[in-house]
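Here's the structure we're looking at; comments come further down.
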Amino acid sequence: MAFFQVDRTQFPIGQGGFHSTVVDTLHHGRLSMVVDCGGSDATHRRRLIETFAQRGRQHDILAISHFDEDHINGVEALHAAGIKFKTVFLPHVKAEDYLLWMTLRISAGEVSVNELARMVQTAGRLYGGDFGPVVLVGPPGPLTPGDPGRDPSAGDNLKELLTDDAYQAVMSARGPHGRIFSCSQSLTFKDIDWLFRFYSREWAYPDEVRKIWELPFLAKLKAVVDRTKHSMPPNGWASFATDLETELSSKVPPSEAGYVKGLLGRSPSKGDPRAKPLQKLARDIQFKSGGLSCKNVLSQLYSLSESLQNYNDASMCVYSGPAERGIGARRELFSRSVQSGHWALRSQKLDGISNREVGWISTGDADFSTLEKLHDFLWHYHAEIALTSVFVLPHHGSRMSYDPNMDRLRELIANLSDRPLFIAPANPEHKKYRHPHWPVESTCRKAGDFYVVDQDLASFYRESVKTVRNLTGLMILERRYLLG
């Protein structure tokens, strides 16, 4: 029976996400994974990151679920604090296409042109390998043997800790820009009852986005974003952000106002609800005093779109918990202790309890609004979902992640362990979003415990999971070994 311990922390970073998991084994060392790093303001983030960097700045895995600002705006601060990652797991998307979509979507928000440029720069640097060699987590698919000959890492913890098939699959995909790693391949640990398992839906670049970026007055802005197709040195990324900011602020020529009406096609439907708003936008481009910036136009085009609601399909999920798949290491019982955030567990007492229901799932901004999306997720985690005792709610507890009646959320909850803990990394005082939303919170409270990790330092959530040593069982196994 191999003893090991898992320490997990959800940092109080507010509307965002910053999670750390450390798996510590007796014989193969430890593996450290960070999931997302974004939220709050720069000063708050920096203080948390400086604390995190105090002991050990070399980590094994950085997993980024999504590329909204509140998931990635702390990544550069991690880098500045000297923290390094041996492998960066990212959702599988074509980077230049996704960054165009990202630029379009974020333009609709309240961020400044400078902030938008910095976000796109950070996402581009992640996909460019600036923060560590990249693995692109693709959708479920058939597993193929890896190629260990591509291993560039001497003394890599992954080689010591993961099973051969998992390690080889990572090495086959890991590189400066990354290759596809099927999320059907779990990162199963050697000799211990634990695994990491990613989930990433197939993402398609919407045709509507393509048409928007084909507008002639966006050509220069698109050319700047397209630089992400190529590797860039640090000064190249700096000029990228500056040029992106310049083009976002540039005015659309009044003479090109008519192009926006062309988005409806040659024979638009008379009842198309976009027709009048697009005509108004064209008039504003042509006649409004001071003109309209590219960012302003992108914002309005996004708000009028009909097919851009699947942006969150690119969000990646991560499970960390007991390994129920296959017949590898012996199945263990675990004890669970909470160091910070005791009040998160309303009535559940952990002392003296040992079971296998100690899994943790982070969901980023995943969307479960349809049966198809929810069932794809549940099937992918069908061996793990019932072992999950901590479920980090998608999109900070937003009701938009589910159907209006919360039926999808109730179905999801029915598959989790008994009375799980639901965590919402959010800022309830946010002027616009006010996550978590009450329909989500009330549904979760009926089924388990609910806890908001916000910007208040008192909302830190830390817990440890460790194997329970059964001395009687060990003596029986030892006797069998001696007799056999």
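With the condition being modelled with pLDDT of 90 or more, I'd like the helices (runs of 4 or more DSSP H) fully within segment 92-199 carrying at least 3 qualifying residues. Steps first, please.
Working: elements: 95-107, 113-127, 157-161, 164-173.
Result: 113-127, 157-161, 164-173.
If you filter segment 13-27 down to residues that are β-branched (V, I, T) and modelled with pLDDT under 95, you find that the one that is surrounded by the fewest Cβ atoms within 10 Å (Cβ to Cβ) is T25. Of the helices (runs of 4 or more DSSP H) lying entirely inside segment 386-484, the ones with 2 or more residues being modelled with pLDDT of 95 or more are found at 407-415, 438-447.
Is there a residue being surrounded by fewer than 18 Cβ atoms within 10 Å (Cβ to Cβ), touching a strand residue (DSSP E or B) at 6+ places or on another chain (Cβ under 9 Å), charged (D, E, K, R) and on the phi < 0 side of the Ramachandran plot anywhere in segment 428-436? No, every residue in segment 428-436 fails to be surrounded by fewer than 18 Cβ atoms within 10 Å (Cβ to Cβ), touching a strand residue (DSSP E or B) at 6+ places or on another chain (Cβ under 9 Å), charged (D, E, K, R) and on the phi < 0 side of the Ramachandran plot. Summed over segment 1-54, the residues that are outside any loop (DSSP other than H, G, I, E, B) and among the hydrophobic types (A, V, I, L, M, F, W, C) give a count of 14. Considered as a group, the residues in segment 351-372 that are among the acidic types (D, E) and closer than 15 Å to F391 by Cβ include one that is surrounded by the fewest Cβ atoms within 10 Å (Cβ to Cβ), and that residue is E357. Note on segment 332-378: among residues that are aromatic (F, W, Y) and under 20 Å from V440 (Cα atoms), the one that is modelled with the lowest pLDDT is W343. Checked against the criterion of being within 29 Å of H382 (Cα to Cα), in contact with a Ser or Thr (Cβ under 9 Å, 6 or more places away or on another chain) and modelled with pLDDT under 90, segment 297-310 has at least one qualifying residue. Against the test of being surrounded by 24 or more Cβ atoms within 10 Å (Cβ to Cβ) and either among the polar types (S, T, N, Q) or under 23 Å from D365 (Cβ atoms) (or both), the options Q5, Q10, Q54 yield a single qualifying residue, Q10. When the test is whether a residue is assigned to a helix (DSSP H, G or I), modelled with pLDDT under 95 and surrounded by fewer than 22 Cβ atoms within 10 Å (Cβ to Cβ), A204 does not pass it. Would you mention how many residues in segment 32-48 are touching a strand residue (DSSP E or B) at 6+ places or on another chain (Cβ under 9 Å), free of Cβ contacts under 8 Å to residues at least 60 places away in the same chain and aliphatic (A, V, I, L, M)? Here the count works out to 2. Can you name every residue in segment 1-45 that is over 14 Å from the mean Cα position of the chain (by Cα) and within 19 Å of D156 (Cα to Cα)? Matches in segment 1-45: T21, V22, V23, D24, T25, L26, H27, H28, G29, R30, L31, S32.
Scan segment 207-230 for residues that are assigned to a helix (DSSP H, G or I) and either of a type outside the set (A, V, I, L, M) or more than 28 Å from the chain's Cα centre (by Cα) (or both) and the total you get is 15. Any chance segment 194-203 includes a residue that's under 23 Å from the mean Cα position of the chain (by Cα) and more than 28 Å from D313 (Cβ to Cβ)? Yes, segment 194-203 contains a residue that is under 23 Å from the mean Cα position of the chain (by Cα) and more than 28 Å from D313 (Cβ to Cβ).
The values are calculated or read from the model by the stated rules, or taken from the named source; none is laboratory data. Bear in mind that the values here come from a model prediction, so they are computed numbers and not experimental data. Cβ atoms come from the backbone with ideal geometry, glycine included; neighbour counts cover every protein chain shown.
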